[in-house]
């Protein structure tokens, strides 16, 4: 065991689950957070070292729930070396003028406020523990750079996550806290798998897009945290090689 402790939000499937599996293979002790107990328990059962890890049902939009997550992480593991700030939600394609206030607030509350609350709680723990410090990796998106059509709430939230990353990277320096971001395009998670069946392009056409195996995201997270704390991947873009993002696709 490496004795490194990682908290993963959104660990009940997709990118969170893939990251948990990759880190478990490297001997991490994991604190798996998610809204659905059955889903995070299913992730736990897939780990190479399930007995070294715990599950904590968590609503990242509620400060008390986030605090309880980190309290349980400390009680079970003694410290937190890595937060993978991964929990997020999206909407079906929705024109800007018909996005409801409720949907806007749900996206911002989860993707932005939830990410902030988890980052803030991690800061408090990492500043107080000995040895001091740790690493935070925020899950951004290709949408943090370039939007898809009819995605205003999700795109705005992911642009804002980049602001969280930059500010936390600066504010964490004095305490040995490194903060980076991974921007993922077309992984074969539940959210990304629809790309293979055809999605709307900027010109209005519908076209299938290539995807990459979601396990590659887990490997990337493991790499980002393999560096010494004196080195940081500030931003990583990990995407299906042939997806329409760079240039004209």
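Data overview
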read-out: Förster radius 25 Å - calculated FRET efficiency between residue 97 and residue 207 (Cβ-Cβ, nearest 0.05); value: 0.50
read-out: Residue with peak Gaussian network fluctuation, the chain [Cα springs, cutoff 10 Å], from 102, 52, 144; value: 102
read-out: Convex hull volume per residue for the chain, taking Cα atoms only, in Å³; value: 118 Å³
read-out: Beta bridge orientation in the chain: antiparallel %, DSSP, nearest 5; value: 5 percent
read-out: For 154, 245, 223, order by how many other beta-carbon atoms lie within 10 Å, fewest first; value: 223, 245, 154
read-out: For region 68-147, alpha-carbon Rg relative to the globular expectation (2.2 N^0.38 Å, N residues); value: 1.37
read-out: Viscosity 0.890 mPa s, temperature 25 °C, Stokes-Einstein D of region 114-227 from Kirkwood C-alpha radius, µm²/s; value: 156 µm²/s
read-out: Efficiency of FRET from Cβ geometry, residue 75 and residue 245, R₀ 51 Å, rounded to 0.05; value: 0.75
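Throughout, read-outs are computed from the coordinates displayed, never taken from laboratory work. Values in this document were obtained by computation on a predicted structure and should not be read as measured data. So basically every Cβ, Gly included, is an ideal-geometry build from the backbone, and we count neighbours across all protein chains shown.
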